[in-house]
1. Would you grab the residues whose amide H sits under 5 Å from the one on ILE28? Only those 5+ places off in sequence or on another chain, please, with H modelled 1.01 Å from N.
2. For the chain, which whole-number percentage of the solvent-accessible area (1.4 Å probe, protein heavy atoms only) is attributable to carbon and sulfur atoms?
3. Calculate, in nm to one decimal, what ALA74 and SER17 gain on full extension: separation in residues at 0.36 nm each, minus their alpha carbon distance.
4. So if R0 is 35 Å, what FRET efficiency would ARG27 and SER84 give, r being the distance between their Cβ atoms, rounded to the nearest 0.05?
5. Per residue, what accessible area does the chain have, given a 1.4 Å probe and all protein chains present, in Å²?
6. Evaluate the Kirkwood expression for the hydrodynamic radius of the chain, namely the inverse of the mean inverse distance over all pairs of different C-alpha atoms, and round to one decimal in Å.
7. Cysteines of the chain lacking any other cysteine beta carbon under 4.7 Å?
8. Given R₀ = 25 Å, FRET efficiency for SER121-THR57 by Cβ-Cβ distance, to 0.05?
Amino acid sequence: QVQLVESGGGLVQAGGSLRLSCAASGRIISIDAMGWYCQAPGKQRELVASITSGGSTNYADSVKGRFTISRDNAKNTVYLQMNSLKPEDTAVYYCNAAVRPYFYQQYVEVWGQGTLVTVSS
């Protein structure tokens, strides 16, 4: 089975930085798009940033210029560098990936367990 394991969340002051990591494990043929989503209590999960297998990126307007998504295909890992953090960035951040497992012809959407980011004012 394929799993996404996230790390890097924590408590930071406004203006600080964090770097989230998400590593895919398991018998994987390929990974297409990967992304980061956030979800605050009582709110829907929202796309923060995504990156294609070719490296093209997309960002939510609220994080443009502050966050950077990247990936290391050799490590099956996606990162989210978060700079100039604001209290409104506080949320659980979830990693997402479209993964093709070994002996499987379809891509499967996989979610990480989430990592909490808390930004204090």
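1. For ILE28, whose amide H was placed from the backbone, the distant partners under 5 Å are TYR102.
2. Answer for the chain is 46 percent, counting heavy atoms of protein chains only.
3. Full extension from ALA74 to SER17 adds 18.0 nm.
4. After rounding, the FRET efficiency stands at 0.35.
5. 56 Å²
6. It works out to 14.4 Å.
7. Cys with no partner Cβ under 4.7 Å: CYS38.
8. Taking R0 as 25 Å, the efficiency between SER121 and THR57 is 0.30.
The values are calculated or read from the model by the stated rules, or taken from the named source; none is laboratory data. This is a predicted model, so every value here is computed, not measured. FYI the Cβ positions are ideal-geometry reconstructions off the backbone, even for glycines, and counts take in every protein chain you see. Keep in mind that these areas ignore ligands, DNA and RNA; they rest on the heavy atoms of the full protein, side chains included. Shrake-Rupley method; radii C 1.70, N 1.55, O 1.52, S 1.80 Å.
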